[in-house]
Amino acid sequence: MKRIGKQSFEFENRPGIIGHAAVGGRKEAQGPLGADFDQTFDDTTLDVSSWEKAEAQLQKESLALALESAGCKASDIDFVFAGDLLNQCISSTFGLREYHIPFLGQYGACSTMAQTLLMAGIFVDCGAARRAAAVTSSHFCSAERQFRTPLEYGAQRTPTAQWTATASGCAIVGQTGPVRICRGLAGKIMDLGVKDPANMGAAMAPAAADSVFQFLEDTGAKPQDFDGIFTGDLGAVGSGLFLEALRYNGLDLSGVHQDCGLLLFDRERQDVHAGGSGCGCSASVLCGHLLRRMERGELNRILFCATGALMSTTSQQQGESIPGVCHILDLA
């Protein structure tokens, strides 16, 4: 692999995404991208006894469907990179344990889809794997219980709050494929002191702006070189701050930028306040909507810039601020 500039790198062999799948819940199925899901569930318990088990089931289903899409069996996969929002990434470990694939757990909060896909691409590009899987998930009810308040508490949501997606996305990376991983960037931790867990967009926007600015600086690319620059998931508040920060640095992305948190749901009709969030948000938008559009030739080159708020229940209870991070993949 070739290092470019300060933080970016180029994949020498340009590994490809050979299969992908997105699964979601009822609210996701009712949104603007409902037709791009490979499977959706009317009952978000998925017929199991807890929200956490339901989220684990989402990962199990998305990996199974992605393997089918790639024409592979679990035994054909050399590594699986997976993570989620829950403590100790239990959705990933419990959801994927039956596959018996060498497992490397990841935590990047809502940026986990980009992080796992970067790792899968690196392992395939350098020859450590022939095929690798990248998978992540989130569930509205499990996230609310862990980070905010259980649903039965009936807490009111602020206008800046985002709706955690009940969804999972999985991509299988191989040596060739219709969509290639060309370049990438691993983001830095950015923290401007935001402490409100109901305003994740504001916490993550600085990291997104920093990573996009650095990637363009490192590579010499311009915003207009891409059919879309997709952040995920800044929502309405974070997207505005992101664009404002880049304009301050001389970059206008207003004509090319879209946010996965604003694509997944209809804010007017679905009452998600500032938009969607959660690991499954950008994962399902990428592994469903965006990769399908690329395979149809509607998008030729995109930047996938997944963002994460690196908080925990412990850090919140101790009054810490919310650090953010943003990882980038250049897909063509």
Fill in the blank from the handout: Whole-Å distance linking the alpha carbon centroid of the stretch 26-50 with that of the stretch 61-97 is 18
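Once the piece of chain linking A128 and I4 is laid out straight, how much longer is it, given 0.36 nm per residue of separation minus the C-alpha distance between them? Mind dumping the intermediate values first?
Details: separation 124, 0.36 × 124 = 44.64 nm, distance 2.16 nm.
Working it through step by step, the gained length comes to 42.5 nm.
Return the Rg/Rh ratio of the chain with Cα-based radii and a Kirkwood Rh.
Working: Rg = 17.9 Å, Rh = 19.1 Å.
Taking Rh as the inverse mean 1/r over Cα pairs, Rg/Rh reads 0.94.
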Completion exercise
Cα-based Rg then Dmax for the stretch 2-174, in Å, read 16.6, 52
Handout entry: Net charge contributed by nearby residues that have their C-beta within less than 11 Å of I322 (K/R +1, D/E -1)
Key = -2
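In µm²/s, what is D for the stretch 76-220 at 20 °C and 1.002 mPa s, where D = kT/(6 pi eta Rh) by Stokes-Einstein and Rh is the Kirkwood radius from Cα pairs? Could the numbers behind the result be given before it?
Working: Rh = 17.0 Å.
Translational diffusion coefficient: 126 µm²/s.
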Completion exercise
HN-Hα couplings for the stretch 202-214 via Karplus (6.51, -1.76, 1.60; θ = phi - 60°), in whole Hz with x for Gly/Pro, come out as 5, 5, 8, 4, x, 5, 4, 5, 4, 5, 5, 4, 5
Problem - Bins of 5 Å from zero: percent of alpha-carbon pairs in the stretch 220-268 - result: 5, 21, 28, 26, 13, 5, 1, 0
Completion exercise
Amide H proximity to V80 below 5 Å, modelled H, separation 5+ or other chain, gives F103, L104, A133
Practice task
Extending each Cα 7 Å along its Cβ direction at S75 and I189, get the distance between those two points in nm, one decimal.
Solution key: 4.2
Exercise for the section: Sticking with the crude label model, points 7 Å out along Cα→Cβ, report the distance from Q317 to F213 in nm, one decimal please. Expected result: 3.6
Practice task
For the stretch 205-328, state the semi-axes of the equivalent ellipsoid (square roots of 5 times the eigenvalues of the alpha-carbon gyration tensor), sorted largest first and rounded to whole angstrom.
Solution key: 23, 19, 13
Completion exercise
Going from the fewest other Cβ atoms within 10 Å to the most, one would list H100, H139, H273 as H100, H273, H139
Problem - Residue list for the stretch 172-206, given a label point 7 angstrom along the Cα-to-Cβ vector of N300 and an amide N cut-off under 19 Å - result: 177-183
Exercise for the section: Find the centroid of the Cα atoms in the stretch 221-288 and in the stretch 298-315, then give the distance between the two in whole Å. Expected result: 10
Fill in the blank from the handout: Per the helix-only model, the chain has a calculated mean residue ellipticity at 222 nm (DSSP H runs of ≥4, -39500 (n - 2.57) each, divided over all residues, rounded to the nearest 500) of -9500 deg cm²/dmol
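Sort Y248, Y107 so the one with the fewest other Cβ atoms within 10 Å of its own Cβ comes first. Before the final figure, lay out the partial values.
Details: Y248 9, Y107 18.
Ranked by crowding around the Cβ, least crowded first: Y248, Y107.
Which length gain, in nm to one decimal place, applies between A35 and T176 when the Cα-Cα distance is subtracted from 0.36 nm times their residue separation? Kindly include the intermediate steps, with their values, before the conclusion.
Working: separation 141, 0.36 × 141 = 50.76 nm, distance 2.67 nm.
Stretched out fully, the A35 to T176 stretch lengthens by 48.1 nm.
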Completion exercise
Relative contact order in percent for the chain (Cα pairs under 8 Å, 6+ apart) equals 25
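Every number in this text was worked out from the coordinates using simple rules, so none of it is lab data. A quick note: this is a predicted structure, and the numbers were derived from the prediction, not measured. Every residue, glycine among them, receives a Cβ derived from its backbone with ideal geometry; neighbour counts consider all protein chains shown.
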